[in-house]
Amino acid sequence: MGDHTDYNQGLSLPLAIDLTTTATFAPTPGSFLINLVSDQFPGAWEIPLRGTAPLPTHIELAAALVRLANPSSGGTLTVTSSVPVGAGLSSSAAFSVATLLALLDPDAEGPDPITMATLCQAAEAAAGANVGLLDPLAIMLGGATLIDFATLETHPVAIPEEAAFLVVHCGVARELATSQYATRRAECDLAANYIGKPLGLCDLGDLAAVPSVLRRRARHVITECARVRDVERLLGRRNLAGVGKVMNDGHRSLAEDYKASIPAIDDLVEHLIAQPGVYGARMTGGGFGGCVIALCAPDAPVLEADALAPRRAWRVSPAPAARRLAT
């Protein structure tokens, strides 16, 4: 819960899930090239440790990460991932976190979560994506965490054992660079300028003088921050039906006020919430395609293998924070 709130200094409650990205770096002393091999795109690519030569678009992020990590030598970087690309499940953030953990000095203490998330954000910006801190920070923190992006204070939130989560792809890939994501960010900035403070620090009474389209964008941010608090409270009471209702409300806000959904996502949400044992569903990630996440009872029929075939679906669970597996 808490989509499009991070870059507005609002509240978010992300959940790190057990799809994984692993990066392994084998240094080659004296080399000035990183040989990148990834199962997310074909072939192998050479990334110079220094220099500004043009690179293929799909490895610009990797090149930015190499520059930030600044390893002492080149070598081979191998990346494997079970996180689908273009699904709104933070595949680029997972790639960024794993790559930095692999390339940074193994003898030094790893960066704290906020520093790591900031590095990932800087790499995304260098590759042309103006993203917030939410995705890499959620990966670095693990589990379910309430994040206040005005103060960067965080605290874990317990997920009841009886909560089951299902992620389902709508069939339309999400492409951040070609979506309306940048437009929505700009609209939020304009709305905040009208009010005189970040949207995450506003309440609904601040919106009277904001033009109608910008008011709807701001209303989503403000009500989404309130929904984050509601979900935290309901999880503490183990009220999964209540959490599901808030998820449904959040999706309507994303679809109607923020205009970040598409018909394929909306149809899938309606289909899922009509299934027995499903408490609620909403799009996940930045929107404009990708996946829906559903909160289910553990015996919900929709959790059975191939229940939603031919759609791709993953039953996921809370996962621990990203970490180095070996040094």
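The values are calculated or read from the model by the stated rules, or taken from the named source; none is laboratory data. If you're wondering where the values come from, they're calculated on a predicted model, not measured in any experiment. Note that we place each Cβ from the backbone using ideal geometry, even for glycine, and neighbour counts take in every protein chain shown.
Applying the set (1) charged (D, E, K, R); (2) out of contact with any Lys or Arg (no Cβ under 7 Å at 6 or more places or on another chain); (3) outside the structural domain of Pro27 (by TED's automatic domain parsing) to Glu109 leaves exactly one unmet item: (3).
Which of the residues spanning segment 272-297 are buried (at least 17 other Cβ atoms within 10 Å of the Cβ) and of a type in the set (Gly, Ala, Ser)? If you could, list the steps in order and put the result at the bottom.
Going through segment 272-297, the residues buried (at least 17 other Cβ atoms within 10 Å of the Cβ) turn out to be 272-273, 275, 278-297.
If the condition is that a residue be buried (at least 17 other Cβ atoms within 10 Å of the Cβ) and of a type in the set (Gly, Ala, Ser), then Gly280, Ala281, Gly285, Gly286, Gly287, Gly289, Gly290, Ala294, Ala297 are the ones that fit.
Scanning segment 86-118 for residues being farther than 18 Å from Ala150 by Cα and crowded, with 20+ Cβ neighbours inside 10 Å gives a total of 18.
Within segment 149-160, is even one residue modelled with pLDDT under 95 and among the small types (Gly, Ala, Ser)? Full working, then the answer.
Here is the first cut: in segment 149-160, the residues modelled with pLDDT under 95 are none.
Looking for residues that are modelled with pLDDT under 95 and among the small types (Gly, Ala, Ser), one finds none in segment 149-160, hence no.
A single entry from Ala322, Ala326, Ala300 fulfils the requirement of being within 24 Å of the chain's Cα centre (by Cα) and either under 30 Å from Asp105 (Cβ atoms) or surrounded by 19 or more Cβ atoms within 10 Å (Cβ to Cβ) (or both): Ala322.
Entry remark, segment 171-198: residues being in contact with a Lys or Arg (Cβ under 8 Å, 6 or more places away or on another chain) and either in a loop (DSSP other than H, G, I, E, B) or without any contact (Cβ under 8 Å) to a residue 24 or more places away in the chain (or both) number 2 in total. Looking across segment 17-33, not a single residue is part of a loop (DSSP other than H, G, I, E, B) and out of contact with any Ser or Thr (no Cβ under 8 Å at 6 or more places or on another chain).
Please verify whether Leu11 is buried (at least 21 other Cβ atoms within 10 Å of the Cβ), of a type outside the set (Val, Ile, Thr) and within 30 Å of Asp203 (Cβ to Cβ), treating the condition exactly as stated. Criteria met by Leu11. Here Gly236 clears all of (1) surrounded by fewer than 22 Cβ atoms within 10 Å (Cβ to Cβ); (2) over 21 Å from the mean Cα position of the chain (by Cα); (3) within 24 Å of Pro301 (Cα to Cα) except the condition numbered (3).
Give the residue, chosen from Thr57, Thr28, Thr76, that is among the hydroxyl-bearing types (Ser, Thr, Tyr), surrounded by 15 or more Cβ atoms within 10 Å (Cβ to Cβ), farther than 25 Å from Thr154 by Cβ and outside the structural domain of Met283 (by TED's automatic domain parsing).
On the way: Thr57 fails: surrounded by 15 or more Cβ atoms within 10 Å (Cβ to Cβ); Thr28 fails: surrounded by 15 or more Cβ atoms within 10 Å (Cβ to Cβ).
None of the other options fit; the residue is Thr76.
Among all residues of segment 132-150, there is none that is among the β-branched types (Val, Ile, Thr) and either assigned to a loop (DSSP other than H, G, I, E, B) or over 29 Å from Leu100 (Cα atoms) (or both).
I want to confirm something. Restricting to segment 86-120 and keeping residues that are in a helix (DSSP H, G or I) and free of Cβ contacts under 8 Å to residues at least 24 places away in the same chain, which single residue is nearest to the chain's Cα centre (by Cα)? Write out each step before concluding.
Initially, segment 86-120 is screened for residues in a helix (DSSP H, G or I), giving 91-103, 113-120.
Right, trim to free of Cβ contacts under 8 Å to residues at least 24 places away in the same chain and you get 115, 117-118.
Numbers: Thr115: 17, Ala117: 12, Thr118: 14 Å.
Result: Ala117.
Among residues of segment 150-159 being surrounded by 14 or more Cβ atoms within 10 Å (Cβ to Cβ) and out of contact with any Pro (no Cβ under 9 Å at 6 or more places or on another chain), the one that is nearest to Gly128 (Cα to Cα) is Leu152.
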